[in-house]
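Novice: If you scroll down you'll find the structure; I have some questions about it.
Read the figures in this text as sums done on the coordinates, not as results from a lab. These numbers were taken from a predicted model, which means no experiment stands behind them. Cβ coordinates were reconstructed from backbone atoms using ideal geometry, including for glycine residues, and neighbour counts include every protein chain displayed.
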């Protein structure tokens, strides 16, 4: 079995992250845009807000996935954070997403005492929906015509995992 290393994102990861986020399946499955330069990714990393958690997954030293845990901005939602993640197309289905999400949930549960972790996922991204449900997320709602993707509007599920 391939060893997946989960670690904090570093500024030097920008080129690898740009590669992950430029993959066709990643663009299809997220709100990422095509044709984003490495320089733009470097700026995003440099401008990351404090208090957010950014991780990468590496196999044999090569970054193959990225994920973030983003605390809610309102003090009245201090118990909540949202998740975003992406796995390089060539490494999909090999446990990278599971490892990244488990690491984010460990931080949410054991270090941040979060009660709610939430996300949005396209309804036709069945692999992602299955992963989220496997790790305790539940569908809370349907967001109709949530975003524009590849020339058409796409629906999304609002999902969350609660620890009460």
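Novice: Looking at region 109-116, is at least one residue within 18 Å of residue 17 (Cα to Cα), in contact with a strand residue (DSSP E or B) (Cβ under 8 Å, 6 or more places away or on another chain) and in contact (Cβ under 8 Å) with a residue 12 or more places away in the chain? Quick ask: steps written out before the conclusion?
Specialist: Looking only at region 109-116, we keep the residues that are within 18 Å of residue 17 (Cα to Cα), and these are none.
No: region 109-116 contains no residue that is within 18 Å of residue 17 (Cα to Cα), in contact with a strand residue (DSSP E or B) (Cβ under 8 Å, 6 or more places away or on another chain) and in contact (Cβ under 8 Å) with a residue 12 or more places away in the chain.
Novice: Can you tell me which residue among 57, 92, 67, 40 is in contact (Cβ under 8 Å) with a residue 60 or more places away in the chain, surrounded by 12 or more Cβ atoms within 10 Å (Cβ to Cβ) and under 24 Å from residue 23 (Cα atoms)? Let's see the steps before the verdict.
Specialist: Working: 57 fails: in contact (Cβ under 8 Å) with a residue 60 or more places away in the chain; 67 fails: in contact (Cβ under 8 Å) with a residue 60 or more places away in the chain; 40 fails: in contact (Cβ under 8 Å) with a residue 60 or more places away in the chain.
Unique residue meeting the criteria: 92.
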